[in-house]
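J.: Sharing a structure here in structure tokens format.
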Amino acid sequence: MRIGIVCYPTYGGSGVLATELGKALADKGHMVHFITYQQPVRLSAFHANIFYHEVQVPTYPLFDFPPYESALSSTMVDVIMNHQLDLLHVHYAIPHASTAYLAKQIVGKQGRVVPFITTLHGTDITLVGKDKTYAPVVTFSINESDAITAVSNNLREETYKSFPIEKDIEVIYNFVDVERFKRREPELQHFRNAIAPDGEKILLHVSNFRKVKRVPDVVKIFRKVREEMPAKLLLVGDGPDRPVIEGMCREWNLCGDIRFVGKQEQLEDVMSISDLFVLPSEYESFGLAALEAMAAQVPVISSNAGGLPEVNIHGQTGYLSNVGDVNSMAKYAIQLLKDDKLMSVMRQGALEQAQRFHISNIIPLYEALYEEVINKA
Ligand code: GMT
């Protein structure tokens, strides 16, 4: 198939998922065309079946807001017509579903039928999409999609609760390349020694440091762990809450034990040397970073918000607590870090759970949906 993939190219779960999906489809022989405003984070290596089309947004002094959506729709039209796309798959509803709808109408006038699939990822529904400024366009464009998928049952339910959606939303879970995240601890011992030279336990958090992630809770949990045992905290990513978190580190004299390592491409290396993944989010439709951690045999301490209980199984792959209950999260973290036997059972549980979301189980579901949609169009 010739598939156009539209996503946010930045450091975020939906873009990562879309890019990994495109790469996996290309490996299976499909022609994949990424249409984004910049090279997606995980799209670095050359692949004979992958094409990249950058959306250019010309500016003009009249524009306080350059019309990105028009540029995106026009690029979609260009790619559809010149590369004979069979289908568009857009990730994150805003604004990708409405731009795909427009592109579909435009090529339709030229006699080409190109269906589009919208994959809902989370904040496009639960936070941004719900805002009444966007809601009518989001509702319309989701309903006009030829197929709709959500990355968890929770997100599917949230979508039906928040929008008058008339169509079926299929749940296709996010996935992980388990082989890529395979734990390589002995090989990376030097890396571990550099972070934790005295054999300290390593806690890890990965996110875009937005409010919804509750990163200050990560620091509060770490502080409690640190009172009980020597430990280090790795904070991967960056975002608006960083100054708050830095302030907490300074105030509590934890700067020596907390490292901000920025946006990392080689996440598998960082995960390989970590003991515990902490994700106390206010909401998480799925929690892709937690799944990747599990594939590296890192148990997860998380909140029980949104789709997290579908990924992190309490007592098997880690522990779940109520949002904001840092005492409970710290208690579970300490219990696990102090008990080697429990830790090794939990690590095995984490890996087994990751295998259920193995990339090779999920890609065929998307391929089947593509075929169904193309055949119906
Ligand atoms: O978490 C974010 O803020 C980024 C966001 C995105 O779209 O890039 O992530 C959402 O999509 C991911 C991939 O499907 C999910 O794993 C995240 O749970 C989801 N984030 C939220 O729901 C807050």
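J.: Of these, Val244, Val225, which one is part of a helix (DSSP H, G or I) and in contact (Cβ under 8 Å) with a residue 40 or more places away in the chain?
T.: The conditions single out Val225.
J.: When the stretch 315-329 is examined, which residues are found to be of a type in the set (A, V, I, L, M, F, W, C) and in contact with a strand residue (DSSP E or B) (Cβ under 9 Å, 6 or more places away or on another chain)?
T.: Scanning the stretch 315-329 gives Leu320, Val323, Met329.
J.: Identify all residues within the stretch 33-48 that are part of a loop (DSSP other than H, G, I, E, B) and either out of contact with any Gly (no Cβ under 7 Å at 6 or more places or on another chain) or not assigned by TED's automatic domain parsing to the domain that holds Ala100 (or both); write none if there are none.
T.: Tyr37, Gln38, Gln39, Arg42, Leu43, Ser44, Ala45, Phe46, His47, Ala48
J.: Take residues that are more than 15 Å from the ligand (Cβ to nearest atom), charged (D, E, K, R) and assigned by TED's automatic domain parsing to the domain that holds Val215 and tell me which of the helices (runs of 4 or more DSSP H) falling wholly in the stretch 271-377 contain 2 or more.
T.: Helices (runs of 4 or more DSSP H) meeting the threshold: 326-338, 340-356.
J.: Hey, another quick one. Identify all residues within the stretch 231-270 that are small (Gly, Ala, Ser) and within 16 Å of the ligand (Cβ to nearest atom); write none if there are none.
T.: Correct list: Gly237, Gly239.
J.: Does Ser141 satisfy the criteria of being within 12 Å of the ligand (Cβ to nearest atom) and touching a helix residue (DSSP H, G or I) at 6+ places or on another chain (Cβ under 9 Å)?
T.: No.
J.: Given the structure, is Gly29 in a loop (DSSP other than H, G, I, E, B), more than 16 Å from the ligand (Cβ to nearest atom) and small (Gly, Ala, Ser)?
T.: Answer is yes for this residue.
J.: Right, next: Filter the stretch 109-138 down to residues that are part of a loop (DSSP other than H, G, I, E, B) and of a type in the set (S, T, N, Q) and give me whichever is farthest from the ligand (Cβ to nearest atom).
T.: Gln110
J.: Also, I was wondering about something else. Of the residues Ile106, Ile94, which single one is within 16 Å of the ligand (Cβ to nearest atom) and in a helix (DSSP H, G or I)?
T.: Step by step, each of Ile106, Ile94 is checked, and only Ile94 is within 16 Å of the ligand (Cβ to nearest atom) and in a helix (DSSP H, G or I).
J.: Next question. Six or more apart or on different chains, Cβ atoms under 6 Å: show the pairs whose first residue is in the stretch 9-20 and under 14 Å from Lys263 (Cα atoms) and outside the structural domain of Lys263 (by TED's automatic domain parsing) and whose second is part of a helix (DSSP H, G or I) and among the hydroxyl-bearing types (Ser, Thr, Tyr).
T.: none
The values are calculated or read from the model by the stated rules, or taken from the named source; none is laboratory data. Computed from a predicted structure; not experimentally measured. Cβ sites come from the backbone with ideal geometry, for glycine too, and all protein chains shown count toward neighbours.
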